[in-house]
Amino acid sequence: MAIYYSNKSRGARTSFSPNNTRTRKIRDKYLLTTDQGSWIALEKKEYDDFINGRLDSNLFENLEKRGIIITQNNLKLITEDYRKRLNYLFRGTSLHILTTTKRCNLKCVYCHSAVASKIANEKEYDMDKKTAKKTLEFIFQTPEKVITIEFQGGETLLREDLFKYVVKEAKKINKKHNKNIRFALVSNLTLMTDELLNWIKKEGVSICTSLDGPKELHDKNRWFEGGKASYDEVTSQIKRLKEKGIRHIGMLMVTTKYSLPYWKEIVDEYVKWGQQSLQLKYINKLGFADLAWKQIGYTMDEFLDFWEKSVDYMIELNKKGIKIQERFVVLILKKILTKFDPNFLDFRGPTCGAVAGQLAYDHKGDIFSCDEGRMNKEMFGLGNVKDSNYEKVLSSEKAQGIISASIIDNNIMCDKCAYKPWCGLCPVISYAEQGNILPKISNFSLHKLHEFQFDYVFEKLLFDKEARKVLFSWASNWK
């Protein structure tokens with residue numbers, strides 16, 4: 001229904017319609033958000049005037065500029081912003097995760113691959129070259145022009161020869177398809193040699209490893225198959241990579257119960273190694289983590305307290321000129337401060353990255369909805385590369401069901417939430433926690449986690465001028 005706004009000073013009468021907005025009160029402010037991802041924070045009087053259609057010239061202009069109301073002047077812009085924000089929905093699967101071996105020389109306490117991972121000498125759990133080639137041929141069927149092939153574990157470097165074969169063969173196949181192809185190695189690094197490192201640099205493969213914090217913490221979480229601690233070996237390899245000129249080394253940490261008292265020390269450890277980004281990862285109840293939950297698990301409230309202390313500390317370090325940022329906060333900032341979603345596959349909407357954004361492949365060529373989906377073939381397995389093609393997998397009833405379960409619009413509670421334009425669901429985590437790929441939001445861990453994190457970011461932006469400066473710098477210096 002059209003409402004008319006009268007500009008008395010100009011004698012003009014302009015029609016407008018309220019956009020579809022959702023509201024969340026943050027202290028004394030009223031946060032209004034729209035489906036195209038724009039937002040505004042209003043004072044109580046401004047909010048009441050908006051609800052009742054009493055708009056003075058300043059309020060009208062602000063609401064029109066943000067797309068909170070729809071006029072002839074901004075309708076095209078609102079539509080364009082919505083299209084830009086969801087541009088990834090019109091592309092093919094971009095991330096392809098290969099498990100060339102299920103074997104690993106480490107036995108980490110929280111490993112989500114642990115149910116499937118095998119000891120280091122059980123070579124029957126390696127992918128053969130025929131399956132590797134079939135997998136690559138499947139991957140190149142995606143219409144997406146920019147693809148990433150990511151090597152996950154097990155520990156890929158137990159089969160260095162196969163790792164090299166996949167990279168070389170992918171480049172060979174790509175001569176026909178002419179895609180922009182990237183390679184990413186996720187490794188514990190303990191088997192890295194100078195010769196292999198030189199080859200990796202030459203081939204343009206990015207490297208990511210795990211560092212859970214200072215030695216006393218890391219060694220509680222990550223040890224070798226025989227029980228030996230891994231911190232000294234991992235950090236010596238990180239040092240070697242830096243000496244060899246690898247400037248950007250991705251590092252990941254997973255939070256266990258042991259981590260909770262170490263929030264300051266974890267941040268300091270990442271600063272010590274020259275890292276400017278740290279993602280404080282909540283542990284998912286998959287694999288070993290589920291089996292060892294009584295030992296390493298915690299409540300969501302405990303994690304949120306740990307997370308908040310850590311981010312507060314990072315902000316204080318930035319005020320002193322020490323550059324370190326929390327990756328999840330940066331993702332939120334990118335979502336709410338720009339017109340483009342960063343397309344982080346584990347945290348996007350209206351659908352998560354499963355199937356449409358990523359696929360995973362095990363050593364037998366079995367296809368899964370995503371990396372975490374490898375933990376349950378019955379629920380998230382989508383066939384095998386030897387007898388399937390990309391179109392068949394993507395259009396299958398099972399794949400469509402997984403995608404549908406991740407559509408945030410389908411959940412009534414999500415549809416009412418002010419953070420819906422930027423949030424997302426995960427069928428795999430939902431199934432692990434609740435036995436159903438359709439989550440009950442009221443007691444779903446991701447709901448409580450994301451709601452807290454969005455509240456935190458908006459609190460800082462709206463009420464803390466010094467923190468706001470830091471957060472703006474994080475958003476403009478994406479790491």
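The values are calculated or read from the model by the stated rules, or taken from the named source; none is laboratory data. As the structure is a prediction and not an experimental result, all values here were calculated from the model. Cβ atoms come from the backbone with ideal geometry, glycine included; neighbour counts cover every protein chain shown.
Some observations on this one:
- Residue selected from the range 228-255 under the condition charged (D, E, K, R) and under 14 Å from T190 (Cα atoms), by the criterion surrounded by the most Cβ atoms within 10 Å (Cβ to Cβ): E233
- Residues located in the range 365-378, provided they are among the hydrophobic types (A, V, I, L, M, F, W, C) and part of a loop (DSSP other than H, G, I, E, B): C370
- Some residue of the range 313-320 being within 22 Å of L95 (Cβ to Cβ), out of contact with any Cys (no Cβ under 9 Å at 6 or more places or on another chain), buried (at least 20 other Cβ atoms within 10 Å of the Cβ) and in contact (Cβ under 8 Å) with a residue 40 or more places away in the chain: no
- In the range 379-431, residue farthest from R22 (Cα to Cα) [restricted to those that are assigned to a helix (DSSP H, G or I) and among the basic types (K, R)]: K392
- Flag for D232 being among the charged types (D, E, K, R) and farther than 20 Å from L449 by Cβ: yes
- For G37, the conditions (1) modelled with pLDDT of 95 or more; (2) touching a strand residue (DSSP E or B) at 6+ places or on another chain (Cβ under 9 Å) all hold with the exception of (2).
- Number of positions in the range 347-390 that are touching a residue at least 40 places away in the same chain (Cβ under 8 Å) and farther than 26 Å from L158 by Cβ: 15
- Flag if T235 is within 27 Å of Y282 (Cα to Cα), part of a loop (DSSP other than H, G, I, E, B), hydroxyl-bearing (S, T, Y) and out of contact with any Pro (no Cβ under 8 Å at 6 or more places or on another chain): no
- Boolean, S430 is surrounded by fewer than 21 Cβ atoms within 10 Å (Cβ to Cβ) and either closer than 30 Å to A475 by Cβ or free of Cβ contacts under 8 Å to residues at least 24 places away in the same chain (or both): no
- In the range 391-408 there is no residue matching the filter, namely being farther than 30 Å from K134 by Cα, free of Cβ contacts under 8 Å to residues at least 12 places away in the same chain and not hydroxyl-bearing (S, T, Y).
- The selection criterion, being at pLDDT 95 or above and basic (K, R), holds for R327.
- The residue pairs whose first member lies in the range 197-216 and is closer than 12 Å to I266 by Cα, whose second member is of a type in the set (D, E), and whose beta carbons are closer than 8 Å, counting only pairs six or more residues apart or on different chains, are L211/E269; G213/E265; G213/E269; P214/E265; P214/D268; P214/E269; K215/D232.
- Condition check for E451: in contact (Cβ under 8 Å) with a residue 40 or more places away in the chain and of a type in the set (D, E): no
- Here is the figure for the range 126-162: residues that are closer than 23 Å to G357 by Cα and either within 25 Å of the chain's Cα centre (by Cα) or of a type outside the set (S, T, Y) (or both) total 24.
- If you check K460, K448 for being basic (K, R), part of a helix (DSSP H, G or I) and buried (at least 18 other Cβ atoms within 10 Å of the Cβ), only one passes: K460.
- Checking each residue in the range 433-448 for being in contact (Cβ under 8 Å) with a residue 12 or more places away in the chain and within 17 Å of G401 (Cα to Cα) picks out I437, L438, P439.
- Top-ranked residue in the range 256-309 [being aromatic (F, W, Y), under 23 Å from S476 (Cα atoms) and more than 19 Å from the chain's Cα centre (by Cα); ranked as surrounded by the fewest Cβ atoms within 10 Å (Cβ to Cβ)]: W273
- Odd one out for F303 among (1) at positive phi; (2) in contact (Cβ under 8 Å) with a residue 24 or more places away in the chain: (1)
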